Amino acid sequence: MGGGLRCEVAGGVGTITIDRPEKRNAMSADMWRALPGVLAGLEADPGVRVVVLTGAGGNFCAGADISELPDIHRDDDSHLSTVAERALAAFPKPTLAAIEGFCVGGGCQLAAACDLRFAAPGARFGITPAKLGIVYPAAATARLVRLVGPSAAKYLLYSADLVDADHALRIGLLNEIAADLPARVAAFAETLASRSLLTQQATKDIVDAIAADEPVDEKVRGWLEEVAARGEVAEGIAAFLERRPPRFTWTSRSAF
């Protein structure tokens, strides 16, 4: 585990905590390097069905550590934040960002790479390369545009201003604002962990392809073959008829 990142697993939920509160959880180069490995471990763990990314000490993440920027911001192929962001976006299980306080720069990049984003009312969001003369990475820009649209993306990137949670919710950067964020995230993560991971992973694969304007027919065929080979549907129907919670056991797909 890289210094500044903590990982815990309980009840089917893996929680990654960005833990550098003295720097408002700014990500060092070593933390960016470590994140893909942490995610790989959670992907390989069959007991993990959903992952929550959060920050310690009342902030989510204030971005990349400015003192280490030359090491972090390389060319796009080896850009440490881009590599970590891609690993998070490609993680096959549901991911949820739980956001308090500052979610700025690279922190916003990580939050946008999660499937869902919940925030406390006092959270603040910003993407600040225009304050530093940096060109925001292409992958992160494309993801932001798909999430909030071109106009809202330009607003954030041109101005580098911080916006409040209501603004973020209005433009689609957030899914929910929760007065009791820990309780809401815990309850929602528990719900996700109880659902069919096969359905969730297929949905993620197909929705992400549609959002990126990629062909989906082959993906859909592959997932239908996976459904036919597994017992998830039979378990879901039996649980419904027996009026009990389903016991979904699928954890990974066949190669297709």
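Read-outs throughout are calculated quantities, based only on the coordinates presented, and are distinct from any laboratory measurement. All figures in this text were calculated on a predicted structure; none of them were measured in a lab. Don't worry about glycine lacking a Cβ; one is built from the backbone with ideal geometry, like all the others, and counts go over all protein chains shown.
Annotations
- Label-to-label distance, nm, for residues given as E225 and T199 (7 Å Cα→Cβ offset): 2.4 nm
- Overall form of the stretch 196-242 per C-alpha gyration tensor (a/c, 1.5; a/b vs b/c): prolate
- The chain - Rg (one decimal) and Dmax (whole number), Cα, Å: 18.5, 61
- Calculated from backbone phi, Karplus (6.51, -1.76, 1.60) coupling profile of the stretch 240-250 in Hz, x at Gly/Pro: 4, 5, 8, 6, 9, x, x, 10, 7, 10, 5
- Simple spin-label estimate for E235 and S67 in nanometres, 7 Å along Cα-Cβ: 4.9 nm
- Share of pairwise Cα separations in the stretch 1-50, more than 14 Å, in percent: 49 percent
- Once C-alpha pairs closer than 8 Å and six or more residues apart are averaged by separation and normalised to the residue number of the chain, the relative contact order reads 15 percent.
- Per-residue ellipticity at 222 nm from helix content only, as computed over the chain with -39500 (n - 2.57) for each DSSP H run of at least four residues, stands at -14000 deg cm²/dmol.
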